[in-house]
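J.: Quick one: this structure, given as structure tokens, is what I'll be asking you about.
Quick note: the coordinates plus some simple rules give every number you see, no bench work behind them. None of these values were measured; they are calculated from a predicted model. Virtual Cβ from ideal backbone geometry, glycine too; neighbours counted across all protein chains shown.
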Amino acid sequence: MWYHKPVINEELLQSLPNLKIVANSGVGIDHLDLKLLSSYGVKLANTPFAVSTDTADMGMALMLASSRRLVEGYQMAVSPDTEYFPADWLGDELSGATLGIVGMGTIGYKVAERAKAFEMKILYHNRNQRNKEEESAVGAIYCKKIDDLLQQSDFVLLSVNLTPQTHKLIGKRELELMKPTATLINISRGLVVDQDALVEALQNKVIKAAALDVTYPEPLPRDHPLLKLKNVIITPHIGSATKKTRRLMMENMIESIQAGLTGLPIPNEVL
Amino acid sequence: MSKKVQAIYLWWHKPVIEQELLQSLPNLKVIANSGVGMDHLDLKLVASFGVKMANAPHAVSSSTADTGMALLLASARRLVEGYHIAISSGMEYCEADFLGVEVTGATLGIIGMGRIGYKIALRAKAFEMNILYHNRIRRKEQEEQAVGAAYCEKIDGLLQQADFVMVVVSPTPQTHKLIGKRELELMKPTATLINISRGAVIDQEALVTALQTGVTRAAALDVTYPEPLPRDHALLKLKNVIITPHLGIKTHKATYMITEEAVENILAALNGLPIPSEVLPS
């Protein structure tokens with residue numbers, strides 16, 4: 001499966017009696033009906049680790065670009081109307097700021113490792129608390145309640161799986177708990193955020209800015225308000241889009257497929 | 001009025017310090033610069049009037065290092081291009097074809113390992129980057145080990161091995177056009193050049209040619225010569241170039257810290273005390 005195609009539905013599964021395995025590119029499997037697949041005896045594998053460092057890098061890229069107003073700056077630098085660079089045009093610094101990571105899995109943890117080097121203070125919210133060594137290696141403080149994280153963070157980064165529990169995890173209430181000077185960064189799935197609530201929050205300055213590598217749908221309709229807001233950076237789901245990683249993903253998928261076809265234990269099987 | 005002026009705080013290179021101005025301010029004791037670069041000042045001229053000078057080296061390092069990393073990441077992952085695709089009114093784009101280059105595990109070559117260069121090394125280490133550096137003087141072993149940086153006595157070795165070349169030197173006559181045709185051709189064709197020092201450190205025409213002919217993959221420039229570039233300059237049109245308007249230290253926090261540093265320097269000068277960040281004409 002590449003980029004969620006082909007669509008795996010009842011019809012397709014019925015027409016492929018000898019299908020043994022579906023290998024998914026990437027880590028997210030929210031677009032697949034796991035129960036349906038297993039009812040046809042079809043195995044499933046994803047590529048959970050290949051994407052982690054690239055996606056963490058993308059999270060950092062978005063956080064830096066947003067805080068330093070990189071896209072706006074670029075537009076000023078190349079605009080035909082620019083005569084000089086104003087001296088009072090300023091962004092916000094990362095060092096000393098507080099990053100709240102929602103979802104401290106493999107990707108979230110790698111973001112923490114990177115952010116620590118920028119002298120950021122790190123809070124995190126996760127289903128389970130990480131162990132002490134892991135926490136102190138990145139100087140991360142656990143927030144059992146997401147509210148505490150939201151209230152204290154200058155940057156809120158979402159790196160959760162999309163599940164029924166994380167659907168619209170960030171809505172009107174959560175946005176209002178955030179500081180009005182805070183930035184929301186999403187590298188998980190569009191559906192983790194209530195997009196309409198986000199638009200309103202950005203328009204009314206309830207939060208300062210957003211940087212989104214993922215939306216719902218992808219791409220957004222061309223007249224969507226998120227595309228027009230000055231304080232929003234959107235990128236076209238390029239979290240894992242590097243040559244090296246794509247190649248690694250393909251290698252992983254082939255390994256899984258070969259194991260699936262020969263009846264051996266499947267690497268990266270999703271149960 | 002002009003007899004009362006004892007100190008000048010230079011904000012964004014203004015006012016312009018020339019003979020005329022210095023002659024009109026007989027009681028001027030000190031000029032404090034907002035930032036670390038002093039290349040816009042004629043140090044000898046100022047000293048000849050008995051006026052002391054100071055910069056603000058401590059306040060700038062983190063924010064400038066952050067700018068360097070922001071540009072490195074934005075260029076590697078084609079963030080600006082991606083943004084334009086994501087918001088463009090033109091319809092379908094083929095996601096699958098849009099690829100950038102990896103940052104984690106890549107080799108970063110830092111040219112100029114002063115305060116700012118070292119902070120970049122600290123950040124790059126967290127991205128598991130392999131770090132090479134070239135500097136006038138080699139750093140101490142502990143400092144090298146803390147960031148896992150390997151010294152390249154000759155710049156050529158660094159240029160040949162780096163996936164990302166980050167230029168963080170002081171602007172001096174020696175670093176003028178430090179990166180020219182020869183250096184660009186030594187770099188890998190898949191490499192990215194990032195400049196956060198001064199535009200004049202790079203031979204801009206040679207860079208344009210290198211970018212147009214695939215000699216260099218991409219460039220990200222926070223500084224150019226001049227600033228801003230003429231609106232018809234070739235660099236503004238290249239897809240594989242990100243230019244930012246000298247963001248370096250433009251954050252609320254850095255601005256505040258720079259001003260604090262400048263005030264410290266000014267007060268010291270006015271009170272006849274040693275100036276913390278005095279800059280002497282070399």
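J.: Can you bin region A:132-251 into rounded, prolate or oblate? Criterion: square roots of the alpha carbon gyration tensor eigenvalues sorted a ≥ b ≥ c, rounded for a/c under 1.5, prolate for a/b above b/c, oblate for the rest. Before the final figure, lay out the partial values.
T.: On the way: a/c = 1.80, a/b = 1.02, b/c = 1.76.
Judged from the Cα gyration tensor, region A:132-251 comes out oblate (a/c at least 1.5, b/c at or above a/b).
J.: Excluding residues on the same chain fewer than 8 positions from A:Lys145, give the aspartates and glutamates whose Cα lies under 14 Å from its Cα.
T.: A:Glu174
J.: Taking A:Lys35 as the anchor, which lysines have their alpha carbon closer than 29 Å to its alpha carbon, excluding any fewer than eight residues away along the same chain?
T.: Straight-line reach from A:Lys35, under 29 Å: A:Lys5, A:Lys20, A:Lys43, A:Lys168.
J.: Rounding to the nearest 20 debye, state how big the charge dipole of chain A is about its Cα centre with +1 on each Lys and Arg Cβ and -1 on each Asp and Glu Cβ.
T.: Details: 29 positive and 31 negative charges, 80 e Å.
Computed charge dipole of chain A: roughly 380 debye.
J.: By DSSP, what percent of the beta bridges with both residues in chain A are antiparallel, rounded to the nearest 5?
T.: Details: 2 of 29 bridges.
Antiparallel: roughly 5 percent of the beta bridges in chain A.
J.: Which one, A:Met120, A:Met58, A:Met250, has the greatest fluctuation when you compute a Gaussian network model over chain A with C-alpha springs under 10 angstrom?
T.: The residue that fluctuates most here is A:Met250.
J.: Okay, moving on. Can you tell me which aspartates and glutamates have their Cα less than 13 Å from the Cα of A:Lys172? Leave out same-chain residues fewer than eight positions away.
T.: A:Asp147, A:Asp194, A:Asp196, A:Glu200
J.: For the ranges B:147-156, B:176-185, what's the packing order if you count other beta-carbon atoms within 10 Å of each residue, average per peptide, and put the highest first?
T.: Numbers: B:147-156: 16.1, B:176-185: 17.8.
Packing proxy ranking, top to bottom: B:176-185, B:147-156.
J.: Then there is this: For peptide B:239-250, what's the mean number of Cβ atoms from other chains within 10 Å of each residue's Cβ? Before the final figure, lay out each step's value.
T.: On the way: counts 0, 0, 3, 6, 5, 13, 14, 5, 10, 1, 2, 12.
Across B:239-250, the average partner-chain Cβ count within 10 Å equals 6.
J.: Let me ask something else. Count the lysine pairs in region B:60-243 that are 8 or more places apart or on different chains: how many have C-alpha atoms under 21 angstrom apart?
T.: The number of close lysine pairs in region B:60-243 is 10.
J.: Sticking with this structure for a sec: Grab the other residues whose beta carbon is less than 12 angstrom from that of A:Leu36, score K and R as +1, D and E as -1, and report the net.
T.: Net charge around A:Leu36: -2.
J.: I need the per residue convex hull volume for region A:37-135, using only the alpha carbons, in cubic angstrom as a whole number. Please report the intermediate quantities before stating the final value.
T.: Numbers: hull volume 16.5 nm³, N = 99.
With only Cα atoms used, region A:37-135 gives 166 Å³ per residue.
J.: Under a GNM of chain A (C-alpha, springs under 10 Å), which listed residue has the highest mean-square fluctuation: A:Leu70, A:Leu175, A:Leu94?
T.: A:Leu70
J.: Oh, and also: Say each of A:Trp2 and B:Ser48 gets a label point 7 Å from the Cα, pointing the same way as Cα to Cβ; how far apart are those two points in nm?
T.: 6.9 nm
J.: Gain in length, B:His13 to B:Leu267, computed as 0.36 nm per residue apart minus the alpha-carbon separation, to one decimal in nm?
T.: Working: separation 254, 0.36 × 254 = 91.44 nm, distance 2.05 nm.
Stretched fully, the B:His13-B:Leu267 segment lengthens by 89.4 nm.
J.: Rounding to the nearest 10 and keeping the result within 0 to 90°, find how far the Cα-based axis of helix A:243-261 lies from the longest principal axis of chain A.
T.: Helix A:243-261 and the main axis of chain A meet at about 20 degrees.
J.: If you don't mind, another one. What is the sum of charges around B:Gly105, taking Lys and Arg as +1, Asp and Glu as -1, for the other residues whose C-beta is under 11 Å from the C-beta of B:Gly105? Don't skip to the end; give the middle numbers.
T.: Values: positive: A:Lys244; negative: A:Asp54, A:Asp57, B:Glu102, B:Glu128, B:Asp163.
Around B:Gly105, the surrounding residues sum to -4.
J.: Report the convex hull volume per residue for the protein assembly as shown, counting only C-alpha atoms, in Å³. Before the final figure, lay out the partial values.
T.: On the way: hull volume 100.0 nm³, N = 553.
Dividing the Cα hull volume of the protein assembly as shown by its residues yields 181 Å³.
J.: Tell me which chymotrypsin sites (Phe, Trp or Tyr not before Pro) from region A:74-125 have a DSSP coil assignment and no more than 13 other beta carbons within 10 Å of their own.
T.: Working: sites: A:Tyr74, A:Tyr84, A:Trp89, A:Tyr109, A:Phe118, A:Tyr124; in loops: A:Tyr84, A:Trp89, A:Phe118.
The qualifying sites are A:Tyr84.
J.: Can you tell which of A:Val42, A:Val102, A:Val232 shows the greatest fluctuation in a Gaussian network model of chain A with Cα springs below 10 Å?
T.: Top of the fluctuation ranking is A:Val42.
J.: Still on this structure, I have one more. Taking the Cα centre of region B:60-243 as the origin, how large is its charge dipole in debye, to the nearest 20, when only Lys and Arg (+1) and Asp and Glu (-1) carry charge on their Cβ atoms?
T.: Working: 20 positive and 20 negative charges, 106 e Å.
My answer is approximately 520 debye.
J.: Just counting partner chain Cβ atoms within 10 Å, what average do the residues of peptide B:228-237 show around their Cβ?
T.: Numbers: counts 8, 3, 0, 6, 1, 1, 0, 2, 5, 1.
Counting Cβ atoms of other protein chains within 10 Å of each residue's Cβ and averaging gives 3.
J.: OK, next. Lysine pairs in region A:197-271 with alpha-carbon atoms under 21 Å apart, 8 or more places apart or on different chains: how many are there? Mind dumping the intermediate values first?
T.: Working: A:Lys205/A:Lys228; A:Lys205/A:Lys230; A:Lys208/A:Lys228; A:Lys208/A:Lys230.
Count of close lysine pairs: 4.
J.: Here's something else I'd like to know. Within 14 Å, Cβ to Cβ, of A:Gly91, how many net charges do the neighbouring residues add up to if Lys/Arg are +1 and Asp/Glu are -1?
T.: Values: positive: A:Arg68, A:Arg69, A:Lys208, A:Lys230, B:Lys250, B:Lys253; negative: A:Glu72, A:Asp88, A:Asp92, A:Glu93, A:Asp154, B:Asp66, B:Asp222.
Overall, the nearby charge balance is -1.
J.: Quick check on the protein assembly as shown: helices-only [θ] at 222 nm, where DSSP H runs of length 4 and up contribute -39,500 (n - 2.57) each and the sum goes over total residues. Nearest 500, please. Please report the intermediate quantities before stating the final value.
T.: On the way: 20 runs with 198 residues, N = 553.
After summing the helix terms and dividing by the residues of the protein assembly as shown, the value is -10500 deg cm²/dmol.
J.: Which is farthest toward the positive dipole end of region A:60-205 among A:Ala197, A:Gln165, A:Phe118, measuring Cα position about the Cα centre, with Cβ charges +1 (Lys, Arg) and -1 (Asp, Glu)?
T.: A:Gln165
J.: I've got another one for you. Would you mind finding the longest exposed-site-free stretch of chain A, with exposed trypsin sites (Lys or Arg not before Pro) meaning DSSP loop and at most 16 other Cβ atoms within 10 Å? Don't skip to the end; give the middle numbers.
T.: Details: sites that count: A:Lys20, A:Arg127, A:Lys144, A:Lys145, A:Lys168, A:Lys205, A:Arg222, A:Lys228, A:Lys230.
It works out to A:21-126.
J.: Mind checking which of B:His176, B:Gly82, B:Ala234 is farthest towards the positive end of region B:60-243's charge dipole, using Cβ charges of +1 (Lys, Arg) and -1 (Asp, Glu) about the Cα centre?
T.: Looking along the dipole axis, the top candidate is B:His176.
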